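I have placed the structure first, in the form of structure tokens, so that the comments after it can refer back to it.
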Amino acid sequence: MRRKLVGTAIAAGLALPLVFTGVAQSHGYTNTPPSRSYNCKLGTVKNCGPIQWEPQSVEGPKGFPARGPADGKLCAGGLSQFAQLDDPRGGQWPATAMKSGQQFEFVWTLTAAHATTSFRYFITKNGWNPSAPLTRAQLEPAPFLNVPFNGQRPGYTVRHSGTLPAGKTGRHLIYAVWDIADTGNAFYNCDDVTF
């Protein structure tokens, strides 16, 4: 009887990681340009909290801009455990140099390839305040790049080429949104850039 119980316990212990593996890996982040969460993962930015171990986990309700995370909580996807991403740090997050109107390749790293509606990229308006938490009013109302996926599953490295908006100068923030087709959520990334 004891041998049977031990065998059952071992089998259950081996099965649990298989059951929960998909839940822990269903995420993604931008690494080109580096998102705030990716900068935290790399250690480029300190005092980030748990996002440094989970840069792929900025997941919140989809439907942006009509729905989704609340204003001031956009960079963390509305998740309080990642609130450090919403802290503008005095406008001093590391920023990727870009040229207004140039072609640029955005790169995502996915830890699970969800069925996808689209990848969309919004940018802040000229004159926005980089020292304040991000709000919808600070973003241009329409994405400057929209990549439809029509429910298809992307690979684990996703690349999108597009033209950066013309007429941008100084520091800006790109808000990258990965809309999932088969759940009620999306993944959100804040990418600090300078033109």
Hits in the stretch 160-188 - residues which are under 20 Å from Gln102 (Cβ atoms), assigned to a strand (DSSP E or B) and in contact with a Lys or Arg (Cβ under 8 Å, 6 or more places away or on another chain): Ala176
Number of the exception - Ala142 against (1) outside any helix (DSSP H, G or I); (2) in contact (Cβ under 8 Å) with a residue 24 or more places away in the chain; (3) at negative phi: (2)
So Thr109, is it out of contact with any Lys or Arg (no Cβ under 7 Å at 6 or more places or on another chain), modelled with pLDDT of 95 or more and under 21 Å from Ser57 (Cα atoms): yes
Residue among Leu173, Leu145 that is of a type in the set (A, V, I, L, M, F, W, C) and surrounded by fewer than 21 Cβ atoms within 10 Å (Cβ to Cβ): Leu145
Some residue of the stretch 77-95 being free of Cβ contacts under 8 Å to residues at least 40 places away in the same chain and surrounded by 18 or more Cβ atoms within 10 Å (Cβ to Cβ): yes
Residue, modelled with the lowest pLDDT, within the stretch 19-78, restricted to residues that are of a type in the set (Ser, Thr, Tyr) and not in a loop (DSSP other than H, G, I, E, B): Thr21
Ala83, sole failed condition from (1) touching a Cys at 6+ places or on another chain (Cβ under 6 Å); (2) assigned to a helix (DSSP H, G or I): (1)
Residue list for the stretch 107-128, restricted to those being surrounded by 18 or more Cβ atoms within 10 Å (Cβ to Cβ), within 18 Å of Ser35 (Cα to Cα) and not polar (S, T, N, Q): Trp108, Leu110, Phe119, Arg120, Tyr121, Phe122, Ile123
Residues satisfying the stated conditions in the stretch 53-64, i.e. surrounded by 16 or more Cβ atoms within 10 Å (Cβ to Cβ) and either more than 13 Å from the chain's Cα centre (by Cα) or among the hydrophobic types (A, V, I, L, M, F, W, C) (or both): Val58, Phe64
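The values are calculated or read from the model by the stated rules, or taken from the named source; none is laboratory data. Please read all numbers here as calculations on a predicted model, not as lab measurements. Glycine gets a Cβ as well: all are built from the backbone with ideal geometry, and neighbour counts include every protein chain shown.
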